[in-house]
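Structure record follows, encoded as structure tokens.
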Amino acid sequence: MSHLNVNPPSTRTWRDIPQNVTTKGMTREGKKRLAFAVGNIVGLALVIGAAGWGIYELVSVWENNPSRITAAASSVPLREIALRTDGVLDKAWVMRTLGLPKGARLMELNLPQLQERLLATGQVQTAVVARKFPDILAVTIQERSPVARIMAQVGAGAPQAFMVARDGSVYQGVGYDLQLAETLPFLDGVKLVRSGSGFARVEGLDQVSDLLGAARANTPVLYRTFRVVSLARYAVDATITVKSTEVDAITFGVVSDGFYKQLARLDYILDETRRQNPSQPLKAVNLAVGGSQVPVAFDIPTVTADGRVPHAAAKPAAPFGTALFSLPPRNSSSSKRDF
Amino acid sequence: MISRNKFIGAVEIGTSKVSVLIGELSQDRALHIIGVGECQSRGVIKGAVADFKAASEATHAALIAAEQSAGTRIDEVYLAQSGGHLEGFYNEAAVNVSSADNMVSALDIDTVCRLAKSKNLPDGRMVVHHLRRPYRLDGRIVPDPLHLVGQRLEAGYWTVHGPEGKIADNIHVIRGFNVRVAELILSSLASGTVLASPEDRQNGALVIDIGAGTTDFVLYRDGSAQMTGVVPVGGGHLTNDLSLGLRLTEGQAEKLKLRFGRATVVTKDRAEKVWLNGDFAIGDRQFSRYGIEQVTSARVWEIFEVVKKKLGPAFSAEKTASGVILTGGTAKLPGIDEAAAKVFGVQARLGEAPGWVAENLRDPAFSSVLGLLQYGLSSRAETGATTRRKTSNWIGKLFATA
């Protein structure tokens with residue numbers, strides 16, 4: 001049989017039966033399904049239509065006035081600044097620092113710039129500025145805690161006290177309680193370097209912070225006598241020198257021993273000195289040496305011919321003696337200092 | 001495009017009940033049965049829809065139950081088709097292999113297939129299935145003659161057809177649920193697919209699905225379906241016979257059939273009586289057990305005889321080595337395998353669902369719907385493969401002529 005002449009009659013199959021459906025032949029469930037299907041189609045058509053209309057609008061705006069697309073959306077004027085902080089700064093300070101113009105609109109604010117302004121003060125460690133619609137600016141800040149004070153002169157003005165934080169940041173403290181601020185010892189022996197409108201960070205403040213923190217927590221009486229903390233020899237032999245109201249120079253080592261033990265020894269030495277030689281105040285204590293013996297220097301008063309101690313004014317010129325202060329053995333019960 | 005799993009409903013609108021299974025077809029063509037629904041059928045006589053509204057309500061109730069059981073909506077339906085209105089005939093065609101080197105081409109196969117399927121049908125009738133028998137190349141049976149060498153290629157189709165109106169009624173019942181009918185599958189083919197193994201089909205097997213209103217059968221040989229048929233007699237006729245013979249209501253007769261009916265007479269004592277209810281209440285009566293067995297077995301034997309007669313010379317015991325496989329609700333009648341073995345002269349057994357089928361679906365009444373899913377998926381996969389082959393041929397021709 002030739003293939004070219006093959007033209008067989010077509011037979012109808014069940015697939016030729018039209019499957020279109022009328023609601024007349026449907027049960028209630030069928031009608032419900034049909035309505036659901038129609039709803040789906042209508043919904044899809046609406047979504048496609050809306051998307052198409054949106055694209056058309058976008059294209060027409062792009063062609064006619066492209067600046068409208070990049071322009072910030074208009075919004076209502078800023079009503080309030082919501083501040084969250086872990087420190088002492090208040091809303092008034094934030095408003096002063098941000099310097100927002102009156103009637104500024106929320107969408108017009110340059111948030112990164114505002115954040116920069118907050119961080120530039122030094123007291124603010126981190127700052128998050130966010131829009132809270134419709135009309136609130138949310139400011140969340142984390143503040144630095146001061147460890148010590150430092151005197152510095154800015155320009156031709158009189159020297160003034162700045163705060164130094166644990167990370168070495170030097171800033172003008174705002175909002176601190178004056179009595180609390182005055183308990184902070186002064187920092188000495190460091191050279192402040194200008195950096196922009198402020199100062200560069202000071203090295204070694206983490207060790208100072210650890211020392212003062214340990215003193216404040218364990219020997220608050222001693223801490224209150226600390227007046228000046230010097231980092232003059234920190235870079236040379238890793239020591240921190242503290243001038244207190246009782247001792248001119250207490251040397252702490254940052255590598256030889258922990259501050260806790262050094263403070264315990266100092267406490268013991270001061271107690272023993274007061275008990276044994278109340279007339280011979282300590283001039284210097286070197287806790288950086290370590291071991292069971294601590295080098296100390298006494299202020300030896302000059303005795304006059306009549307056996308009296310001269311006036312205190314003569315004290316700076318007075319000679320002083322050095323000695324090794326023996327600490328009790330570690331296993332002795334009396335050596336155990338319990339703050 | 002978002003791809004997702006497809007939920008296929010296998011629906012059999014039977015004379016006594018409507019069964020629905022929901023299969024979840026995943027992207028990797030794995031099928032999981034996730035829902036079952038059943039409902040007592042109404043408006044269906046001998047497999048054909050007689051009352052559209054009643055049939056729709058029953059079918060939709062079963063569909064809703066299945067959807068609730070699966071927790072999802074059906075995307076499309078594979079529908080079982082049965083009924084005495086279905087008929088079949090065999091038609092074959094042959095072509096001479098066209099190429100000079102006598103190698104069979106895809107065009108030769110396409111031509112012989114189209115010729116074999118191209119017999120005109122009487123007015124108002126339409127094709128339900130074209131079941132192809134194995135190709136013959138120069139007289140030898142070949143599963144796929146492509147690229148084989150020979151001179152004469154033959155193909156034969158068993159075509160199942162039915163009246164357009166009755167087929168459309170079944171489809172419209174499903175469309176009334178606003179779901180598309182994706183496949184229309186003969187009940188016997190569906191049952192055969194799930195119960196007869198490839199070895200059974202190769203060796204020759206006769207699968208008989210005895211439902212309530214119809215008995216569907218399919219004869220397999222050489223790995224494919226040779227012949228199908230529907231006898232408009234089923235288990236309902238056994239009930240009817242008992243009802244008429246013993247002057248009982250349909251319900252009472254059904255109860256007696258389920259309790260005492262048999263496909264073979266085993267009771268020797270003709271005086272042995274059985275109670276209708278056994279509760280000694282007013283109206284409870286005694287019946288001869290021998291009589292009940294005789295009535296039911298006579299009808300079962302008659303059904304088998306009719307099937308055998310319809311098969312005619314196509315059936316031979318020698319070429320049906322795997323014997324008779326029985327299924328359907330009436331196949332649960334005791335002794336039915338024995339009766340089938342005696343009538344057909346071959347071994348007979350009750351069909352067993354494959355191991356992957358869950359315990360609650362292993363009842364013979366579910367074999368047809370299970371087979372719908374299996375046959376529908378395999379035939380669709382085959383259609384897809386043919387389409388792909390045709391596409392590749394077209395591309396091949398394009399490059400060949402360039």
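The values are calculated or read from the model by the stated rules, or taken from the named source; none is laboratory data. The structure presented is a predicted model; accordingly, all values stated were derived computationally and were not measured. Cβ placement follows ideal geometry from the backbone for every residue including glycine, while neighbour counts extend to all protein chains displayed. We work out accessible area using only protein heavy atoms, side chains counted, and drop any ligands, DNA or RNA first. Shrake-Rupley method; radii C 1.70, N 1.55, O 1.52, S 1.80 Å.
Below are the figures for this structure:
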| read-out | value |
| --- | --- |
| Residues satisfying the stated conditions in region A:23-43, i.e. out of contact with any helix residue (DSSP H, G or I) (no Cβ under 6 Å at 6 or more places or on another chain), among the polar types (S, T, N, Q) and within 9 Å of chain B (Cβ to nearest Cβ) | none |
| Among (1) within 14 Å of another protein chain (Cβ to nearest Cβ); (2) open to solvent by 20 Å² or more (accessible area, probe 1.4 Å); (3) not β-branched (Val, Ile, Thr) - the single one B:GLY162 does not satisfy | (2) |
| Tally of residues being in contact with a helix residue (DSSP H, G or I) (Cβ under 6 Å, 6 or more places away or on another chain) and part of a loop (DSSP other than H, G, I, E, B) across region A:142-173 | 2 |
| Residues (open to solvent by 30 Å² or more (accessible area, probe 1.4 Å), within 36 Å of the chain's Cα centre (by Cα) and of a type in the set (S, T, N, Q)) located in region A:237-290 | A:THR241, A:THR245, A:SER256, A:ASN286 |
| Residue within region A:120-128 that is out of contact with any helix residue (DSSP H, G or I) (no Cβ under 6 Å at 6 or more places or on another chain), closer than 16 Å to A:GLU80 by Cβ and not basic (Lys, Arg) present | no |
| Candidate set from region B:130-153 (those that are open to solvent by less than 50 Å² (accessible area, probe 1.4 Å) and within 16 Å of B:MET103 (Cα to Cα)); member that is nearest to the other protein chains (Cβ to nearest Cβ) | B:LEU153 |
| Condition met for B:VAL218 (buried (at least 24 other Cβ atoms within 10 Å of the Cβ), in a strand (DSSP E or B) and without any contact (Cβ under 8 Å) to a residue 40 or more places away in the chain) | yes |
| Test: residue in region B:161-181 that is farther than 30 Å from A:PHE36 by Cβ and of a type in the set (A, V, I, L, M, F, W, C) | no |
| Sole exception among (1) under 30 Å from A:THR183 (Cβ atoms); (2) open to solvent by less than 80 Å² (accessible area, probe 1.4 Å) for A:ARG96, by number | (2) |
| B:GLY124 vs. criteria open to solvent by 20 Å² or more (accessible area, probe 1.4 Å), within 14 Å of chain A (Cβ to nearest Cβ) and of a type in the set (Gly, Ala, Ser) | yes |
| Residues located in region B:49-90, provided they are more than 12 Å from chain A (Cβ to nearest Cβ), open to solvent by 30 Å² or more (accessible area, probe 1.4 Å) and part of a loop (DSSP other than H, G, I, E, B) | B:ALA50, B:ASP51, B:GLY71, B:THR72, B:GLY84 |
| For B:GLY213: the one exception among (1) at pLDDT 95 or above; (2) not in a strand (DSSP E or B) | (1) |
| Lone unmet requirement of (1) modelled with pLDDT under 90; (2) over 20 Å from B:LEU189 (Cα atoms); (3) assigned by TED's automatic domain parsing to the domain that holds B:LEU184 for B:MET1 | (3) |
| Criterion violated by A:LEU106 - all others in (1) over 12 Å from the mean Cα position of the chain (by Cα); (2) modelled with pLDDT of 90 or more; (3) buried (at least 19 other Cβ atoms within 10 Å of the Cβ) satisfied | (2) |
| Lone qualifier among A:ARG227, A:ARG233 - being under 32 Å from the mean Cα position of the chain (by Cα), modelled with pLDDT of 90 or more and surrounded by fewer than 16 Cβ atoms within 10 Å (Cβ to Cβ) | A:ARG227 |
| One residue from B:ALA321, B:ALA339, B:ALA358, B:ALA331 being under 24 Å from the mean Cα position of the chain (by Cα) and more than 30 Å from B:ARG221 (Cβ to Cβ) | B:ALA358 |
| Among the residues listed as B:GLY229, B:GLY204, the single one being closer than 27 Å to B:ILE45 by Cα and touching a residue at least 60 places away in the same chain (Cβ under 8 Å) | B:GLY229 |
| Residue check, B:ALA106 within 25 Å of B:PHE7 (Cβ to Cβ) and surrounded by fewer than 22 Cβ atoms within 10 Å (Cβ to Cβ) | no |
| Residue within region A:110-126 that is touching a residue at least 40 places away in the same chain (Cβ under 8 Å), in a helix (DSSP H, G or I) and of a type outside the set (Ser, Thr, Tyr) present | no |
| Of residues in region B:342-355 being under 18 Å from the mean Cα position of the chain (by Cα) and in a loop (DSSP other than H, G, I, E, B), the one surrounded by the fewest Cβ atoms within 10 Å (Cβ to Cβ) | B:PRO354 |
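To keep it simple, each residue is scored yes or no on (1) open to solvent by less than 10 Å² (accessible area, probe 1.4 Å); (2) among the hydroxyl-bearing types (Ser, Thr, Tyr); (3) more than 19 Å from B:HIS237 (Cα to Cα).
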site	(1), (2), (3)
B:GLU272	no, no, yes
B:GLN286	no, no, yes
B:TRP301	no, no, no
B:LYS308	no, no, no
B:PHE315	no, no, yes
B:THR330	no, yes, no
B:LEU333	no, no, no
